[in-house]
Amino acid sequence: LVDCHPTWVSCVKAIPTLMLVVPWLIIRRWRGNRQFPAGRAVALLAITGLFGHLCGNVVFQWSLGVIGLVLAVPLTLGTMIVTGAFLGHRFLHEHVSRATIISVTLLIVAVFILSLSAGEANEGVQSDESNRQPVSAWILASGVAAACLAGFAYSLLGAAIRYGLHQKLSLPMTLGVVSLVGLISLALLSLMNPGLETLLQTTHHDLRYMFYAGIWNAVGFLALAKALNQTSLIHVNALSATQVGMTVVAGLLLFDEALTWMTAI
């Protein structure tokens, strides 16, 4: 979906999560659960949710079209783990061991090494060899920065979710607040740019894939929130890094992206 507008892709992706959460909340209310959520936790979730959608989902979707899956995912996750360790220690009072500090230092080095292979990664993203155009260093740097910004946004959202769960905010309410904020904001932005006329021209094929992505996004979001309820932000982000290997394989096998020597390191 890299040829589609990233805001529109992210907007449609938010729909399945709401489709999961709304019946869940109705059933809970019907069963007599009328607990009023903590206002501060909801407000924090709404703000970080907005940041997570705009500077996370939209920005990450754009970076995929510049530096590809093989490079964008490790950059995003590396930044997410580094910032998650800081946020977990500073605001959630989670213990940071010496081993964690060493790991985070290595990740910072890894993110730097990965950023050096942006040019080769971009060549792998351009599938048509005969029409490959040189991309400016500014665009490549922006692609790298976008992936890192997305990692920071996701980490901030993860910290807010963990805080909300600690404040007895229910799992469906947590998912609902973040998804609703994202759907409303992204829908409004999509109507402004690229505009209603362009949105109506979206093919059924692309819409179907956006919705498929949204289904797996809902599954992943639910699993993430559940994990954050069970263990620390640092450990959740670290375990999430297992997807690096999966996405590298996907990028190589499904999209013929280049595995640069720096990415391999």
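I'd like the carbon and sulfur percentage of the solvent accessible area for region 1-104, probe radius 1.4 Å, heavy atoms only, ligands and nucleic acids excluded.
On region 1-104, the fraction of accessible area on carbon and sulfur atoms equals 67 percent.
By the gyration tensor of its Cα atoms, with a ≥ b ≥ c the square roots of the eigenvalues, what is the shape of region 121-265: rounded for a/c under 1.5, prolate for a/b over b/c, or oblate?
It comes out oblate by the Cα gyration axes.
Choose one answer from THR100, THR202, THR79: the residue with the largest mean-square fluctuation in a GNM of the chain with alpha-carbon springs under 10 Å.
THR202
At 1.4 Å probe size, with the rest of the protein present, what percent of the exposed accessible area of region 114-265 is carbon and sulfur atoms?
66
State, as an integer percentage, the relative contact order of region 1-135 based on alpha-carbon contacts under 8 Å between residues 6 or more apart. Don't skip to the end; give the middle numbers.
On the way: 61 pairs, mean separation 38.4, N = 135.
It rounds to 28 percent for region 1-135.
In square angstrom, what is the accessible area per residue of region 113-265 with a 1.4 angstrom probe?
Here the residues of region 113-265 average 55 Å² of exposed surface.
Which order do peptides 20-28, 180-188 fall in by mean Cβ count within 10 Å, highest first?
180-188, 20-28
What's the Kirkwood radius of the chain in Å, using all Cα pairs? Mind showing how you got there, number by number?
Numbers: mean 1/r = 0.0519 Å⁻¹.
When all Cα pairs of the chain are included, the Kirkwood radius is 19.3 Å.
So how far, in whole Å, is the C-alpha centre of region 153-203 from the one of region 230-265?
First find each Cα centre; the distance between them is then 24 Å.
Take the eigenvalues of the Cα gyration tensor for region 215-258, scale each by 5, and report the square roots as semi-axes in whole Å, largest first. Intermediate values should be presented prior to the final figure.
Working: eigenvalues 131, 35, 5 Å².
After scaling each eigenvalue by five and taking roots: 26, 13, 5 Å.
Can you bin region 188-230 into rounded, prolate or oblate? Criterion: square roots of the alpha carbon gyration tensor eigenvalues sorted a ≥ b ≥ c, rounded for a/c under 1.5, prolate for a/b above b/c, oblate for the rest.
Note, shape of region 188-230 comes out oblate.
Using per-residue counts of other Cβ atoms within 10 Å, averaged over each peptide, order 234-242, 57-65 from highest down. Please list the in-between numbers first.
Values: 234-242: 18.6, 57-65: 22.8.
Top to bottom by mean Cβ count within 10 Å: 57-65, 234-242.
Keeping every protein chain present and rolling a 1.4 Å probe, give me the accessible area per residue for region 50-100 in Å².
Averaged over the residues of region 50-100, the accessible area is 39 Å².
The values are calculated or read from the model by the stated rules, or taken from the named source; none is laboratory data. Predicted, not measured: the structure shown is a model, and the values here were computed from it. Here Cβ is always computed from backbone atoms with ideal geometry, including for glycine, and neighbour counts include all displayed protein chains. Please note that ligands, DNA and RNA were not included when accessible areas were found on the heavy atoms of the full protein model with its side chains. Shrake-Rupley method; radii C 1.70, N 1.55, O 1.52, S 1.80 Å.
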